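Undergrad: This is the structure, below, for whatever I ask next.
The values are calculated or read from the model by the stated rules, or taken from the named source; none is laboratory data. Everything quoted here is computed from the prediction, not taken from an experiment. Cβ: placed from backbone, ideal geometry, glycine included. Neighbour counts: every protein chain shown. Note: areas computed on protein heavy atoms with side chains; ligands, DNA, RNA excluded. Shrake-Rupley method; radii C 1.70, N 1.55, O 1.52, S 1.80 Å.
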Amino acid sequence: TARYTLRDKDTGKDIAYGALPADNKIVSQTKAEHIQLQITVNDNYGASVSSDWIDITLDKSMPEVTDEFDDGGFFLRGKNLFSDFVINDNGTLMTDGSVSAEIYIGDTLLKTVQLKHMGEGVYRLDEGNMADGEYTVQLKVFDQAGNETSHTFTQKLDNTKPTLKFLTPEEDSRATLYSTWMNVSKTVLILAEDSAAGVKSHSINGKRYNI
């Protein structure tokens with residue numbers, strides 16, 4: 001016959017013991033993270049032998065994202081949704097886990113992708129040919145023990161040029177009619193618009209003005 005003993009390594013107290021099940025699987029509930037296992041075998045003549053204590057560490061810590069690309073809240077020029085995520089697991093860089101990303105615009109799920117591990121706990125999101133817009137990326141992070149955590153990342157892309165428009169008096173009473181520009185004092189009003197990032201500055205004859 002074979003029997004087992006599970007012990008909390010930190011306290012030295014037994015967690016569970018008994019006959020080894022026929023399927024050789026030991027199931028026990030415990031809050032301990034550092035466990036020792038010993039197997040004792042008895043033959044039909046009363047002789048027995050016990051194994052050395054086997055150290056087992058249960059990983060109950062959730063992985064966490066500790067660093068990511070910081071765009072400062074600004075729109076980015078380019079078609080790549082990009083960030084390197086540094087993931088820590090139980091005090092060390094996670095090198096053997098799995099990270100997937102669900103990419104949304106608003107409530108619409110566009111795609112789900114698997115992030116590539118670049119080494120040293122860095123997992124890379126790099127999705128090209130993305131349209132302008134504000135994206136929400138929902139990460140699902142699994143460590144080797146199966147512990148799961150989620151993390152939300154946002155990024156805004158804008159590749160559309162601002163538009164310029166000369167305003168007429170019908171659109172703004174301060175504006176001067178085009179036909180009278182050559183003969184009278186004139187007020188030229190130009191409307192600069194950008195549907196995504198907005199307009200921060202403009203230049204006239206090489207001189208820059210902040211808005």
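Undergrad: Considering the chain as a Gaussian network with a 10 Å cut-off on Cα pairs, which listed residue, Glu148, Glu33, Glu127, attains the greatest mean-square fluctuation?
TA: Glu33
Undergrad: While we're here: Calculate, for the stretch 112-190, the solvent-accessible area per residue in square angstrom, rolling a 1.4 angstrom probe over the heavy atoms of the protein chains. The partial results should precede the final answer.
TA: Numbers: 5080 Å² over 79 residues.
Per residue, the stretch 112-190 has an accessible area of 64 Å².
Undergrad: Among (i) 48, 17, 14; (ii) 43, 17, 14; (iii) 69, 14, 12, find the value of semi-axes √(5λ) of the Cα gyration tensor in Å that was calculated from the structure presented, and write down its label.
TA: Among (i) 48, 17, 14; (ii) 43, 17, 14; (iii) 69, 14, 12, the one calculated here is (iii).
Undergrad: Applying the Karplus parametrisation 6.51 cos²θ - 1.76 cosθ + 1.60 with θ = phi - 60° to the phi angles of the stretch 10-24, what ³J(HN,Hα) value in whole Hz is obtained for each residue in order, glycine and proline being reported as x?
TA: Computed from phi, the couplings for the stretch 10-24 are 6, 9, x, 8, 6, 8, 7, 7, x, 5, 5, x, 4, 8, 6 Hz.
Undergrad: With the full set of protein chains in place, find how many percent of the accessible area of the chain is carbon and sulfur; take the probe as 1.4 Å. Write out the running numbers ahead of the final one.
TA: On the way: 7020 of 14320 Å².
The computed percentage sits at 49.
Undergrad: Could I ask something else about it? What does the charge add up to near Leu115, with Lys and Arg as +1, Asp and Glu as -1, over the other residues with Cβ less than 12 Å from its Cβ? Walk me through the numbers on the way to the answer.
TA: Details: positive: Lys116, Arg124, Lys140; negative: Glu68, Asp84, Glu102, Asp126, Glu127.
It works out to a net charge of -2.
Undergrad: Counting only C-alpha contacts under 8 Å and six or more residues apart, can you give the relative contact order of the stretch 1-65 as a whole percent? Before the final figure, lay out the partial values.
TA: Values: 101 pairs, mean separation 20.4, N = 65.
Once divided by the residue count of the stretch 1-65, the mean separation gives 31 percent.
Undergrad: Relative contact order for the stretch 14-105 using alpha-carbon pairs under 8 Å, separation at least 6, rounded to a whole percent?
TA: Details: 78 pairs, mean separation 18.0, N = 92.
Relative contact order for the stretch 14-105 comes out at 20 percent.
Undergrad: Counting only other residues whose beta carbon sits under 15 Å from that of Ala101, what net charge do I get with K and R as +1, D and E as -1? Can you show the working numbers first?
TA: Values: positive: Lys111, Lys116, Arg124, Lys140; negative: Glu68, Asp84, Glu102, Asp126, Glu127, Glu148.
Residues close to Ala101 contribute a combined charge of -2.
Undergrad: Below 12 angstrom from the Cβ of Pro63, what's the summed charge of the other residues (Lys, Arg +1; Asp, Glu -1)?
TA: On the way: positive: Lys60, Lys140; negative: Asp59, Glu64, Asp89, Asp96, Asp143, Glu148.
Once all neighbours under 12 Å are counted, the net charge is -4.
Undergrad: In the stretch 1-45, which chymotrypsin sites (Phe, Trp or Tyr not before Pro) are in a loop and have at most 14 other Cβ atoms within 10 Å, using DSSP for the loop call? Walk me through the intermediate numbers first.
TA: Details: sites: Tyr4, Tyr17, Tyr45; in loops: Tyr45.
Passing sites in the stretch 1-45 are Tyr45.
Undergrad: Additional query: Output ³J(HN,Hα) for the stretch 122-130: one whole-Hz value per residue in order, computed from phi by the Karplus curve 6.51 cos²θ - 1.76 cosθ + 1.60 with θ = phi - 60°, and x for Gly and Pro.
TA: 9, 10, 9, 9, 8, 10, x, 6, 8
Undergrad: Given springs between every Cα pair under 10 Å in a Gaussian network model of the chain, which of Lys140, Lys116, Lys31 has the largest fluctuation?
TA: Evaluated over the chain, the most mobile residue of the options is Lys31.
Undergrad: Shifting gears a bit: Calculate, for the stretch 1-80, the solvent-accessible area per residue in square angstrom, rolling a 1.4 angstrom probe over the heavy atoms of the protein chains.
TA: Numbers: 5990 Å² over 80 residues.
With all protein chains present, the stretch 1-80 gives 75 Å² per residue.
Undergrad: Ranking request for peptides 83-89, 169-175: highest mean number of other beta-carbon atoms within 10 Å first, then the rest in descending order.
TA: Values: 83-89: 19.4, 169-175: 11.9.
Highest to lowest by the protection proxy: 83-89, 169-175.
Undergrad: Rank these residues by their accessible area, most exposed first, probe 1.4 Å: Met118, Met62, Met94. Walk me through the numbers on the way to the answer.
TA: Values: Met118 85, Met62 110, Met94 0 Å².
Ranking Met118, Met62, Met94 by accessible area, largest first, yields Met62, Met118, Met94.
Undergrad: Checking the a/c ratio against 1.5 first, then a/b against b/c, what shape does the Cα gyration tensor give for the stretch 14-101?
TA: Working: a/c = 4.71, a/b = 4.01, b/c = 1.18.
In terms of gyration-tensor shape, prolate.
Undergrad: Hey, what did the chain get for relative contact order, percent, Cα under 8 Å, at least 6 apart?
TA: Numbers: 403 pairs, mean separation 29.8, N = 211.
Result for the chain is 14 percent.
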